[in-house]
Every structure is written in C-alpha cells, then in structure tokens.
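A.B. asks: Pasting a structure below so you can have a look.
The values are calculated or read from the model by the stated rules, or taken from the named source; none is laboratory data. Computed from a predicted model, the values in this text were never measured in an experiment. Backbone-built Cβ (ideal geometry, glycine too); neighbour counts: all protein chains shown. Keep in mind that these areas ignore ligands, DNA and RNA; they rest on the heavy atoms of the full protein, side chains included. Shrake-Rupley method; radii C 1.70, N 1.55, O 1.52, S 1.80 Å.
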Amino acid sequence: MIDTKLLRQEQTTKAKQIILTDNFATPNLIAGADVGLEEKGTITRAAMVVMHWPSLAIVEYHIARIPTEFPYIPGLLSFREYPALLAVWEKLQHKPDLIMVDGQGIAHPRRFGVASHLGLLLDIPTIGIAKSRLCGHHEALDEIVESCQPLNDNNKQIGWVFRSKKRCKPLYISPGHKISLDASLLWVKHCIKGYRLPEPTRWADGISSNRAFFNRMKQNLA
C-alpha cells in the first residue's frame, strides 16, 4: 500500500532543495520531455527530444517504455512519471543543458512538480510547462499574444500564465530547478515558433502521443 502522507512529506522536504536562481550559462542543447500511457495505462511512455540552440534543429530523440508501477494520485504524479523520464534520459547520447518538461515545476501545492523532481534527480536546470493550472491564482489574461500574468499562491509568485498563441488556452510556466522565474518565461518565449507549445515540448509531445507525427519526424531526420 502506498503511503501518500509519507510521499507528500518527501515532496515538501525535497522542495527545500530546489534552486530558483539561474545556475547555468547559455545552453548549447535544450531538451523537451513528455510522458504518456499505453496499453490501458499499464505502460508508461516517456519521450525526450534534444535540440540545438539557437537553431532548434533536432539533434536526437528517444522513447522509453516501462511498466507502470505507481497509480494516478493527484499531486503525486511525478512519482508515476519520473522512472520513465530517467529511462529515456539514459538513452541520450547528447545530454542537454536545459530540459523543458510537459508538466508542473514549482507551481504545485508542495512546490515539487515533475519538472522539479526530474531536475533535482538529474541536477540539471528544468522548466515546467503545463497546459492547465494545478494551483494558484492570477489576474485576467489579455488575448494578445505574449500577454502574461504572475501566477501566485499564498502571497508568493510560483510561475507565469502566458498566452503563447491567439485563440489558444494559456500555458502555465514555472521553474523546475536551477532557474529563476524570469528566465523560465524568457526561455519558453525564445522557443515559441508559432505554435502553442515551445518547440522542445511540442516535438516531445508529438512523438510521445502521435504515431503519424513520430513517423514524420523519422522521415525528416533520415
């Protein structure tokens, strides 16, 4: 039986180890990471795409599939996802300097979402880029592209709400580890190229969840 109280305590403890200052030089390689499920949830699939900066040309990509060993429990999703992310990380020949993760960073009830969990495990700068809000509140967001508002919780900023594309829902951006609030938003802006998602997580999401997208990618890199 899973001791959820103990795991929440672990999140709170590890959140104190998260560094929210810019602990890296200009990256040469930026990765995007995404996790999904297969076989009615029995298999966890992680994808990671490594891109060169500033060209955003794809350097390599991999998918890892492992048995799902942790159930879905709100607020504890990183314990379900990080084993597959570590598995795909081990496949990379070119280790990135920065990882953009499809999920939460510190914009989490205990300030320890999957981007923070992965960043701490790998000791690497990470950014959480979520498609929905898990916690916090913000002022109304303009419809203008690149509009943003601070995401706050308990009188403290934990991220940004960012309009990356017209007529699309905003992104919820937060530092994962070894990066500041401002730099997290800046690097996401740098990697937006006309789509809702920044290129690293857009490609990771595509190869993780869309077979046609994955096949097209293989053809482009052949």
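A.B. asks: Please name all residue pairs, on different chains or six or more residues apart, with Cβ atoms under 6 Å, provided the first residue is in the range 60-73 and is acidic (Asp, Glu) and the second residue is loosely packed, with under 14 Cβ neighbours inside 10 Å.
C.D. replies: Taking only residues 6 or more apart or on different chains, the pairs are 60/94.
A.B. asks: Residue under question is residue 83, and the condition is that it be out of contact with any Asp or Glu (no Cβ under 6 Å at 6 or more places or on another chain) and in a helix (DSSP H, G or I); does it hold? Please lay out each step first, then the result.
C.D. replies: On the way: out of contact with any Asp or Glu (no Cβ under 6 Å at 6 or more places or on another chain): yes; in a helix (DSSP H, G or I): yes.
For residue 83, the condition - out of contact with any Asp or Glu (no Cβ under 6 Å at 6 or more places or on another chain) and in a helix (DSSP H, G or I) - is met.
A.B. asks: For a quick check of your reading of the model, give me the residue pairs whose first member lies in the range 152-163 and is in contact (Cβ under 8 Å) with a residue 24 or more places away in the chain, whose second is of a type in the set (S, T, N, Q) and open to solvent by 10 Å² or more (accessible area, probe 1.4 Å), with beta-carbon atoms closer than 7 Å and at least 6 apart or on different chains.
C.D. replies: Close Cβ pairs (under 7 Å, with a partner that is of a type in the set (S, T, N, Q) and open to solvent by 10 Å² or more (accessible area, probe 1.4 Å)) amount to 158/152; 161/149.
A.B. asks: Here's something else I'd like to know. So which residues in the range 1-50 are touching a Phe, Trp or Tyr at 6+ places or on another chain (Cβ under 6 Å), farther than 14 Å from residue 208 by Cβ and assigned to a strand (DSSP E or B), if there are any at all?
C.D. replies: The one that is touching a Phe, Trp or Tyr at 6+ places or on another chain (Cβ under 6 Å), farther than 14 Å from residue 208 by Cβ and assigned to a strand (DSSP E or B): 30.
A.B. asks: For the range 60-69, what are the residues that are within 21 Å of residue 176 (Cβ to Cβ) and open to solvent by 30 Å² or more (accessible area, probe 1.4 Å)?
C.D. replies: 61, 62
A.B. asks: Condition (residue is more than 19 Å from residue 209 (Cα to Cα), open to solvent by less than 10 Å² (accessible area, probe 1.4 Å) and not aromatic (Phe, Trp, Tyr)) applied to the range 75-82: is it met by at least one residue?
C.D. replies: Of all residues in the range 75-82, those more than 19 Å from residue 209 (Cα to Cα) come to 75-76, 79.
Subset that is open to solvent by less than 10 Å² (accessible area, probe 1.4 Å): 76.
Remaining after also requiring not aromatic (Phe, Trp, Tyr): 76.
Yes, that holds for at least one residue.
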